[in-house]
1. Applying the Karplus parametrisation 6.51 cos²θ - 1.76 cosθ + 1.60 with θ = phi - 60° to the phi angles of segment 20-27, what ³J(HN,Hα) value in whole Hz is obtained for each residue in order, glycine and proline being reported as x?
2. Local charge sum around THR319 (other residues, Cβ-Cβ under 12 Å, Lys/Arg +1, Asp/Glu -1)?
3. Could you give me the ³J(HN,Hα) list for segment 94-107, computed from phi with Karplus coefficients 6.51, -1.76, 1.60 and θ = phi - 60°, whole Hz, x at Gly and Pro?
4. Take the alpha carbon atoms of segment 217-372, find their radius of gyration, then divide it by 2.2 N^0.38 Å using N residues; give the quotient.
5. Could you pull out every residue, at least 5 positions away or on a different chain, whose amide H is within less than 5 Å of the one on VAL333? Hs are placed 1.01 Å off N in the peptide plane, and Pro or chain starts have none.
6. Given the options GLY113, VAL213, CYS305, identify the residue whose Cα lies farthest towards the positive end of the charge dipole of the chain (+1 on Cβ of Lys, Arg; -1 on Cβ of Asp, Glu).
7. Give a residue-ordered list of calculated ³J(HN,Hα) values for segment 169-176 (Karplus: 6.51 cos²θ - 1.76 cosθ + 1.60, θ = phi - 60°; whole Hz; x for Gly, Pro).
8. Long-range amide H contacts for VAL178: which residues qualify at under 5 Å (H placed 1.01 Å from N, peptide plane, sequence gap of 5 or more or a different chain)?
Amino acid sequence: MSGPRVLYVSSSIGLGHVSRDLAIARELRRLQPDIEVLWVAASPASDVLREAGETMLPEAERWRGASRIAERCVRNGGLDLVHYVYRSLPAWTANALLFREIVVRHAVDIAVGDEAYEVDIPLIMRVLRLPVPFVMIFDFVATDAMTTKPADRVGAWLLNALWSLDGGVYGGGRHSAVFIGEPDDIPSRRFGWLLPNRRQHALSYYDIVGHAVAFRPADYADRATWRRRLGYGCGPLVVCAVGGTSVGRELLELCAAAAPVLRGYLPDVRLVLVCGPRLPTESVRAPEGVTVLGYVPRLYEHFACCDVAVVLCGGSSTTELAALGTPFIYVPVEGHFEQELIAARLARYGIGRHVSLRSATPELFAQAIRQEMGHAATGRSMSLQGAPATARHILKTLGANRRRVKEN
């Protein structure tokens, strides 16, 4: 292939990032058919990419993933994301060195990183020099301490102070940044004491492109056809899914415990639990009649079929459900400030029903599912142009760099 080479690093925490990354890659190929996309990711993202027929570089075997680190930071069903960031620093250092090696060895023309903080942070600190442009993809801006502990608050402030300096990297030079979402998704408050406003920072230095999904919602408008295609009957269907980490075990088991109560309301209801790639199906306790699945490719097809979905408050899964118009219940992971931001976004749009895992009982959960059953999904629609807009941004950055090289 004679076209430009793109090195694409997909975040390996969960499965939401890789889903939108594949959508962006498809748009890149649609806009420039001769483009070549080379991938680096760790499991479970790497497994999804291989299944999709993408080209994984051999160096991906040495890339240190994020899911395992995140799972080690879980306490009592909650995830302290600031703690996760600091525990990730050694892995990010190793990945940064490997990234620079890959860029040179494979003679790529541009690099893209979806939440690739192992590249982003060294660029801000001026300890990483790249011979090609780099496009960073964000879906949140800044960290938040989720406890009152002084160490957590200082740690979050230090991370945010560094983050607030990235305008020197993405502010009009070789490198650039994209924000997946809308301006209102970014809190209009400071990064921290004496630091700039987060939303104004993003508006100044990032290309804000809208939300991204990996499918055309219109293709799933005929729910009955998709039910037949996937082997579901005509009865009420509830799908509970927790994404690409093992963080959501408690949510799956709460759904399972709610099944007998739910059958009291809806005797023919079918409940499907989707564990994802990192949670063994046999480790989830479920009563007879509840279907327990592992990793399900194109889970959005099952979301399109169901009457109610139950999910953690992940950005990709909730955006997919909103795009499909499927009623859903979302349960933010405690201590996960990003999921709290997503919950605030959903409340602003008037989409979905918020349930706290800490306060929920099987009886309350069954009642919430019953109330959502048959409830028309309403709320303000989201902009879903994130994938094509990001692809256009990448190609524009590539073109600008080629002109810069010719002029020099």
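Just so it is clear, none of the values below were taken in a lab; they were calculated from the coordinates. Everything numeric in this text was worked out from a predicted model, so none of it was measured. Note: ideal-geometry Cβ built from the backbone for every residue, glycine included; neighbour counts use all protein chains shown.
1. Karplus-based 3J(HN,Hα) across segment 20-27 equals 6, 5, 5, 5, 5, 4, 4, 5 Hz.
2. That sum, taken over residues with Cβ under 12 Å, equals -2.
3. 5, 5, 4, 5, 5, 4, 4, 4, 5, 4, 6, 5, 9, 6
4. In units of the 2.2 N^0.38 Å rule of thumb, it is 0.96.
5. CYS313
6. Result: GLY113, furthest along the dipole toward the positive end.
7. Working through the residues one at a time gives 9, 9, x, x, x, 5, 8, 8 Hz.
8. Excluding prolines and chain starts, which carry no amide H, the hits are MET136, ILE137, PHE138, ASP207.
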